[in-house]
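What follows is one structure encoded as structure tokens, with my remarks underneath.
What follows is calculated from the coordinates using simple rules that are stated; it is not laboratory data. It should be emphasised that the depicted structure is a prediction, and the values quoted were computed from it without experimental measurement. Heads up, the Cβs are rebuilt from the backbone with ideal geometry, glycines too, and the neighbour counts pull from every protein chain shown.
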Amino acid sequence: MFYDASKRDHGLALDPLKALIVPRPIGWISTVDAQGRVNLAPYSFYNGVGEFPPMVYFAITGTYGDTPTKHSRMNAESTGEFVVNMVSEELKEQMNVTTAMVAFGVDEMKLAGLTPAPCNFVKPPRIAESPVALECRYWRTIELPEEPGNEAKRGSVVFGQVVGVHIDDSIIKDGRVDALAFKPVARLGYSEYTTTENVWRMRRPDDPRYQ
Ligand SMILES: Cc1cc2nc3c(=O)[nH]c(=O)nc-3n(C[C@H](O)[C@H](O)[C@H](O)COP(=O)(O)O)c2cc1C
């Protein structure tokens, strides 16, 4: 099949696009507002985008409730900091609790029964139960184009520079991060998720550094 993305004339009951861009890692973003109140929310339009310096982004989509944009973006912009926590398989239910659209200032980390742990370089807490956390300094936001008829759902992309990295020692095996040891949860389409169940190595023919 082929469909025109602007017309969304795919003829399917549900828009298939997000089921095609898979699996997506989930950035579980913790921030604080100007008063120091904690906010936590999952973002699967999230990824690393640079190494020197290390850079990540998360993207705002959809509806925002009664604030001008989503709380994670508001806090990252107003304080200049955010933290990306990793969702291991055992934290998937807690992650789902933190997607709830609650009022600005409500602490979803507390709602989900998670434990805040201090960061080294930034004010937002990381999630103590999460095996990986990236402390980030906000860099900039890029506004995405408006779609006629959907102006209120205009997207944006929030970039940050990774300045501190927490890795639980239990997921390091033989000097490498072992994906099977912490099973990062990834988003598929609809309400489907997956995790890392198998890993193989494929060496690059042109570069022996990739072992
Ligand atoms: C697994 C998962 C991934 C999500 N990814 C995104 C995303 O990439 N962008 C987005 O705007 N919302 C995403 N959401 C919805 C947000 O988590 C939700 O709108 C949340 O209330 C935003 O919280 P905040 O306003 O505190 O930032 C996702 C939800 C789930 C469960």
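Where does each of 26-35, 106-115, 47-56 land if you order them by average Cβ count within 10 Å, highest first?
Highest mean packing first, the order is 26-35, 106-115, 47-56.
Output the Kirkwood hydrodynamic radius of region 109-211, Cα pairs only, in Å rounded to one decimal.
Details: mean 1/r = 0.0566 Å⁻¹.
Taking the inverse mean of 1/r over all distinct Cα pairs, region 109-211 comes out at 17.7 Å.
For region 55-211, what's the relative contact order in percent, using C-alpha pairs closer than 8 Å and at least 6 residues apart?
The value is 25 percent.
Report, by chain and number, residues whose modeled amide H sits under 5 Å from the one on residue 183, excluding near sequence neighbours (fewer than 5 apart, same chain).
Here the answer is none, since no amide H 5 or more places off falls under 5 Å of that of residue 183.
Under a GNM of the chain (C-alpha, springs under 10 Å), which listed residue has the highest mean-square fluctuation: 16, 25, 42?
Ranking 16, 25, 42 by mean-square fluctuation puts 16 first.
Which Cα, out of 117, 150, 160, lies furthest along the positive dipole direction of the chain (beta carbon charges, K/R +1, D/E -1)?
So the residue furthest toward the plus end is 160.
Rounded to the nearest 20 debye, what is the charge dipole size of region 85-166 about its Cα centre when +1 sits on each Lys and Arg Cβ and -1 on each Asp and Glu Cβ?
300 debye
Using the count of nearby Cβ atoms within 10 Å as a rough guide to exposure, how do 143, 77, 197 rank from fewest to most?
Ordered from fewest to most neighbouring Cβ atoms within 10 Å, 143, 77, 197 come out as 197, 143, 77.
Which whole-Hz couplings ³J(HN,Hα) result when phi for each residue of region 126-137 is put into the Karplus expression 6.51 cos²θ - 1.76 cosθ + 1.60, θ = phi - 60°, listed in order with x for Gly and Pro?
Couplings: 8, 8, 4, 6, 7, x, 9, 9, 10, 7, 10, 9 Hz.
Given the options 132, 163, 83, state which has the largest fluctuation in a GNM of the chain using a 10 Å cut-off (strictly under) for Cα springs.
Largest GNM mean-square fluctuation: 163.
Roughly what % of Cα-Cα distances in the chain sit above 29 Å, to the whole percent?
Of all Cα-Cα distances in the chain, 29 percent exceed 29 Å.
What fraction of the DSSP beta bridges in the chain is antiparallel, stated in percent and rounded to the nearest 5?
About 100 percent, rounded to the nearest 5.
How long is the gain from residue 174 to residue 100 if the chain were fully straight, where each residue apart is worth 0.36 nm and the alpha carbon distance is subtracted? Can you show the working numbers first?
Values: separation 74, 0.36 × 74 = 26.64 nm, distance 3.88 nm.
Here the segment from residue 174 to residue 100 would lengthen by 22.8 nm.
Just in region 144-211: which chymotrypsin sites (Phe, Trp or Tyr not before Pro) are loop by DSSP and have at most 16 other Cβ atoms within 10 Å?
In loop regions of region 144-211 (DSSP not H, G, I, E or B), the sparsely surrounded chymotrypsin sites (Phe, Trp or Tyr not before Pro) are 190, 200, 210.
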